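The structure under discussion appears below in the form of structure tokens.
The values are calculated or read from the model by the stated rules, or taken from the named source; none is laboratory data. Model, not experiment: these values are computed from the prediction. Cβ: placed from backbone, ideal geometry, glycine included. Neighbour counts: every protein chain shown. SASA here: full protein model, heavy atoms, side chains in, ligands and nucleic acids out. Shrake-Rupley method; radii C 1.70, N 1.55, O 1.52, S 1.80 Å.
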Amino acid sequence: MTGRIGGREPTGEGAGTDAVFTSLLEDSAEELYESAPCGYLSTTMDGTIAKINATLLDWLGLERRAVVGRKRFADLLTVGGRLYHETHFAPLLRMQGELGGIALEMKTAGGRLPVLVSSAIKYGGGGEPLLIRTTVFDASDRRAYEEELLRRRQEAERARTEAEQARAEAEQAQAEAERARKQAEADRARLADTLAVLQQSLLPDTLPAVPGLEAAAHYHTASPDRLGGDFYDLFPVGENLWAFFLGDVCGKGPEAASLTSLTRYTLRAAAHHDPDPVTALTTLNDALHERYTASGDPRYCTCVFGVLESGHDDGHVTVRLASGGHPPALVLRADGHADLLPTPGGMLIGVFPTAPIGTAQTILAAGDTMLLYTDGLTEARTGPTRDALYGDDALYAFADEHAPATPQQTITALTELLDGFGDGLDDDTALLALGVPADPSRTRPTTDHPR
């Protein structure tokens, strides 16, 4: 029957197929073992390698003579794989007699090879363990696939939690502000003659009613999920004497909120102790420098602090200002023009042990309005490509065009201006307007909450 399949002489295509089939039958068991698409090795019960196929040797870049009888199976593994083998794999194998599909890593000439390992113990006729047979499968593609799945899952998780992170930042900032308030209250117990009752929020809920004066404020938040560092306040410090301040701390987020809280509380305490504007800013500079800059963590702010004195017979209000590196105030006069109140020479607050303070003074008559603002307004990006800043000159022209205007009219016009900047406004902006009404019966303050 030689050369016949099913009693027929093979011819044509069938003859070729039969020849391939015949050649497969001629493969020796040793050749199949050595050239298998997976790794094979046999070890003694102590792990010493007694036999290993060419496939696994090629994967690991090893010579047979350097492995057989000289290395244990654990020696082929990475440090982590060896530790797992000794603490989990080997003990479980001895107890169960076989293990399958265990993920390990083997050392190669070029690095690491992820593998899936299956082992079984061969027993003698009396049930005694003789050797361990192990099959090794290359798991590189599987590892890459798993890593890609993990990466995409992590990306999806990050996208899902972005909104939660924004809320968490806000909650953390509130906690920082609360801790700062409690610390300030502890300081007030030691310095009861200088500190006043401190408010709990970074911005006042409302502005107080000041006899003979109208006040309005607005806070524009550039990013809804990021805390800014702009601040302002207005509060009484004596009979017919009111203090106010407006400024901008460095940075964003919870740290800026903590710094804003400390700044606001320090200025309030300093003003109640001595309402002189220069003294108040000097006290703030000492506090910030001692707490942050002197300890190697410099933080600072720009700030304008002032005192309003009312009660004059003709109804005018005297204003005394001090500034540490802050933009100049603007006054919209009742006669239809705007004035600048520059405070030259003022330096950033908190950077140096002694900070130069710039000063200015003016009188607000009936119909006059003074405007304080942070640099988010003048540094708004304008133009078709958003590559130009709005600038001081444009703001001065805007004020001159809108004079005369009440504090509320001024804030309303500036709010519309800020909204018109769109995405060109990438920094928070605080606005505070104080003025003597042309109609003495109108002294109601207004506050526009942050948005």
Please list, ordered by chain and number, the residues whose modelled amide H lies under 5 Å from the amide H of Ala329; skip anything fewer than 5 residues away on the same chain. Leu341
Which value results for Rg/Rh of the chain when Rg is the Cα radius of gyration and Rh the Kirkwood radius based on the inverse mean 1/r? 1.39
Accessible surface of Thr406 - all protein chains present, 1.4 Å probe, nearest 10 Å²: 20 Å²
Sites Arg158 and Glu86, calculated FRET efficiency, Cβ-Cβ separation with R0 45 Å, nearest 0.05: 0.75
Given points 7 Å out from each Cα along the Cα-Cβ axis, report the Asp387 to Asp314 separation in nanometres with one decimal. 5.2 nm
Counting only other residues whose beta carbon sits under 13 Å from that of Leu340, what net charge do I get with K and R as +1, D and E as -1? -3
Among Thr263, Gly383, His220, the residue whose Cα sits farthest towards the positive end of the charge dipole of region 203-448, when +1 is placed on the Cβ of each Lys and Arg and -1 on the Cβ of each Asp and Glu, is Thr263
Considering the alpha-carbon set of region 203-448 alone, what are its Rg and its Dmax in angstrom? 17.2, 53
Sorted list, accessible surface of protein heavy atoms, 1.4 Å probe, largest first, for Cys301, Cys250 is Cys250, Cys301
Give me the extension gain from Phe137 to Asp225: residue separation times 0.36 nm, minus the current Cα-Cα distance, reported in nm with one decimal. 26.7 nm
Suppose every Lys and Arg Cβ carries +1 and every Asp and Glu Cβ carries -1, with no other charges. What dipole size does the chain come out with about its Cα centre, to the nearest 20 debye? 2400 debye
How many nm separate the modelled label positions at Asp274 and Glu379, each set 7 Å beyond the Cα in the direction of the Cβ? 3.2 nm
Order by accessible surface, 1.4 Å probe, largest leading, for residues Arg320, Arg152 comes to Arg152, Arg320
Taking only C-alpha positions in region 17-138, Rg and Dmax in angstrom work out to 15.6, 51
Quick calc, Ala166 & Glu401: beta-carbon distance into FRET formula, R0 35 Å, rounding 0.05, result 0.40
In region 308-412, how does Rg compare with the Kirkwood Rh, expressed as the Rg/Rh ratio over alpha carbon atoms? 1.03
With Ala257 itself left out, Lys, Arg at +1 and Asp, Glu at -1 over residues whose Cβ is under 14 Å from its Cβ give -3
Glu155 accessible area, nearest 10 Å², 1.4 Å probe? 80 Å²
Rg over Rh of region 41-105, using C-alpha atoms and the Kirkwood radius, what does it come to? 0.95
